[in-house]
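> Dumping the structure here so I can ask a few things about it.
The values are calculated or read from the model by the stated rules, or taken from the named source; none is laboratory data. What you are looking at is a predicted structure, and each value in this text was computed from that prediction instead of being measured. No Cβ is skipped: glycine too gets one built from the backbone with ideal geometry, and neighbour counts run over all protein chains shown.
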Amino acid sequence: MPRKVKEENTKQTTKRTKKEVDPDRPKKPLSPYFRYVADKRAEVKAANPDLKMTEITKKIGDMWAQESEEVKQRYQEPYDEEKKEYDKKMEEYKKTHPTGKKSTDPDMPKRPLSAYFLYANEHRDEVKKSNPDMKITQIAATLGEMWKALSEEDKKPYVEKHEQMKEEYDVAIKEYYESHPDALKEKEGKKKRSKAPKKEKKPKEEVEEKTETEEEEESENIFDNESE
């Protein structure tokens, strides 16, 4: 394959695609914290020119945690007003833009939680109480580290509970499909579609690593467009 064509193909395979956003969909207002970040980012960046965007984000997070309730309230009030307006617009949007998603059958048995999630659910409140200023992502990371630190013996009760729940689920889901033939047909249809030929994996040497600049741009995008 000519070098030029190979380079073009590599660029196409490594290019990240963005999810299409409906222009009619109301834009969610920035949370109090992200409003604070938007206010402080330039100031912190100017004072710390050598810091990466991820480090600047962490620094602003620490600043927010130390702010008084009075300061935080100044960011909370405009958010509350915009949130009310957003909720109204969102209700109208949903009426005129149905999602087309099928609602889950309430009779369908739910898959059992993994051993880790059983452990995390049991200890989440404990971690939140000990670290009231932690973000959800930080709490999740802490629980993950706690789980990794457990011995196999300490993990055993959660593994056994998961296995028991899995056995009960297997029996329940079999009975469900026997009494819901349409659901079984849909499941089998999904299986057939999933057996379609998979895309060929990219050679390791063709995968481009993100540059520091790209990482910083991604971090900035988090604040410029808060996720829904």
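> Where in segment 29-147 are there helices (runs of 4 or more DSSP H), lying wholly inside it, with at least 2 residues that are under 30 Å from K166 (Cα atoms) and at pLDDT below 90?
Numbers: elements: 32-47, 53-66, 69-96, 115-130.
Those helices (runs of 4 or more DSSP H) span 115-130.
> Every residue in segment 148-195 that is assigned to a loop (DSSP other than H, G, I, E, B) and not polar (S, T, N, Q), please.
Residues satisfying the conditions are L150, H180, K195.
> Tell me which residues, restricted to segment 134-163, are farther than 30 Å from T57 by Cα, exposed (fewer than 11 other Cβ atoms within 10 Å of the Cβ) and not acidic (D, E).
Answer for segment 134-163, where residues must be farther than 30 Å from T57 by Cα, exposed (fewer than 11 other Cβ atoms within 10 Å of the Cβ) and not acidic (D, E): just S151.
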